[in-house]
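Scroll down for the structure; my scribbles are underneath it.
The values are calculated or read from the model by the stated rules, or taken from the named source; none is laboratory data. None of these values were measured; they are calculated from a predicted model. No Cβ is skipped: glycine too gets one built from the backbone with ideal geometry, and neighbour counts run over all protein chains shown. Side chains are part of the model used for accessible areas, which takes the heavy atoms of the whole protein and leaves out ligands, DNA and RNA. Shrake-Rupley method; radii C 1.70, N 1.55, O 1.52, S 1.80 Å.
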Amino acid sequence: MESIVGQPIEFEVLVHAQWTPTAHLAATFRSGRVFVIGDAAHALPPSMGMGANLAIADAHNLAWKLAWVLDGRAGAGLLDSYDPERRPVDAFILERSIIEMDWSVKQFDEATAMIGLGYPPASSPAMIGESTGMPIRDPHDSGPEVRMRVPHHWLIDGRSTLDLANSNTFAAVGIMDAGITEIPYGNIPGSPTAPQRVWLIRPDGHIAAHVPAEEIASTIDWILERH
Ligand SMILES: Cc1cc2nc3c(=O)[nH]c(=O)nc-3n(C[C@H](O)[C@H](O)[C@H](O)COP(=O)(O)OP(=O)(O)OC[C@H]3O[C@@H](n4cnc5c(N)ncnc54)[C@H](O)[C@@H]3O)c2cc1C
């Protein structure tokens, strides 16, 4: 103790506990009406410092879905997307955390591990697209991609694309001659100025689909199981 503090000090040991690193992943994140998140769903070694980060990300994924189903804006099937979206990325970080128990190994920078995770569209009922490659990408890469969080780009009106992620609504963005713009749903059909395809941003900021502009409403209905 003296060598840590740098001078002699009086101290008394009040609690002593043995800590053992563990690595567990729940076989499912849902059983009927019960959803598990955080340490109840995954226990990680501390090497990447991701336990709380994943817990918050689990809640971030589930919260808007619960809210939308409970207030009738979405069908109950939207909740089926929680496990297939979160469990693969939590498993991915769990595996990487085991590898990084060798302290000389560093696979990703913090920003990539924390906000660079994307969900597998092919197995999620709340996304439309192919599942390709690793579920992680450097968030500084600027291109939009179905499954990932929408990256920052300035819109024509001076806002950021990040401002479009809103727990109460989906948003659509497209590229026009003048730049990137939000597309209000109502203006889509037949509008001569509408871009041909739009990126559909979910309330949690992840890109759910890249669809023709006239299919925005039907795509949202499909994702929300309202058809
Ligand atoms: C020393 C240390 C350092 C860490 N550093 C990091 C880090 O740098 N970055 C990071 O991302 N993560 C870190 N973590 C991991 C992080 O703390 C956990 O992953 C995170 O707290 C998990 O959150 P949780 O809400 O799932 O569980 P908890 O934080 O454990 O919350 C569960 C809560 O439920 C309560 N509870 C339990 N049973 C009952 C019951 N029957 N009824 C009512 N309440 C109950 C508990 O008292 C507790 O308050 C660290 C952990 C430790 C121990």
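Couple of notes before you dig in:
- Area accessible to solvent at Thr181, 1.4 Å probe radius, in Å²: 30 Å²
- Filtered chymotrypsin sites (Phe, Trp or Tyr not before Pro), the range 60-160: DSSP coil and at most 10 other beta carbons within 10 Å: Trp103
- Cα convex hull of the range 71-150 - mean projected area over all directions, nm²: 6.4 nm²
- Taking GluC sites (Glu not before Pro) as exposed when their DSSP state is a loop state and no more than 13 other Cβ atoms lie within 10 Å, the longest site-free interval of the chain runs over 13-129.
- Stokes-Einstein diffusion coefficient of the range 1-129, Kirkwood radius over Cα pairs, 10 °C, 1.306 mPa s, in µm²/s: 93 µm²/s
- For the range 53-93, trypsin sites (Lys or Arg not before Pro) are listed when DSSP marks them as loop and at most 15 other Cβ atoms sit within 10 Å of their Cβ; the list is Arg73.
- Relative contact order %, the chain, counting alpha carbon pairs below 8 Å whose residues are six or more apart: 15 percent
- Charge dipole (debye, nearest 20) of the range 17-111; +1 at Cβ of Lys and Arg, -1 at Cβ of Asp and Glu: 320 debye
- Only helices reaching 27 angstrom along their own axis (Cα) with mean Kyte-Doolittle hydropathy no lower than 0.5 count here, and for the DSSP H runs of the chain these are 51-70.
- With the simple model of a label 7 Å out from the Cα in the direction of the Cβ, Ser123 to Glu12 spans 5.3 nm.
- Accessible area per residue, Å², the range 1-129 with all protein chains present, probe 1.4 Å: 56 Å²
- Each Lys and Arg adds +1 at its Cβ and each Asp and Glu adds -1 at its Cβ; summed about the Cα centre, the chain shows a dipole of about 600 debye.
- Dipole size of the range 142-227 about its Cα centre, with +1 on Lys/Arg Cβ and -1 on Asp/Glu Cβ: approximately 160 debye, rounded to the nearest 20.
- Sites Thr169 and Ile4, calculated FRET efficiency, Cβ-Cβ separation with R0 45 Å, nearest 0.05: 0.30
- Sites Ser218 and Thr28, calculated FRET efficiency, Cβ-Cβ separation with R0 25 Å, nearest 0.05: 0.20
- Relative contact order computed over the range 142-227 (Cα-Cα under 8 Å; 6+ residues apart), in percent: 29 percent
- Carbon/sulfur fraction of accessible area - the range 84-197, other protein chains in place, 1.4 Å, %: 56 percent
- Calculated on the alpha-carbon coordinates, the convex hull of the range 85-227 measures out at 117 cubic angstrom per residue.
- At a probe radius of 1.4 angstrom, the accessible area of the range 142-227 per residue rounds to 50 square angstrom.
- A 1.4 Å probe, protein heavy atoms only, puts the accessible area of Val173 near 10 Å².
- Toward the positive end of the charge dipole of the chain, with +1 on the Cβ of Lys and Arg and -1 on the Cβ of Asp and Glu, the farthest Cα among Asn61, Gln196, Ser160 is that of Gln196.
- Estimated purely from DSSP H runs of n ≥ 4, each contributing -39500 (n - 2.57), the mean residue ellipticity at 222 nm for the chain is -7500 deg cm²/dmol once divided by its residues.
- Across the range 1-129, Cα pairs under 8 Å and at least six residues apart give a relative contact order of 23 percent.
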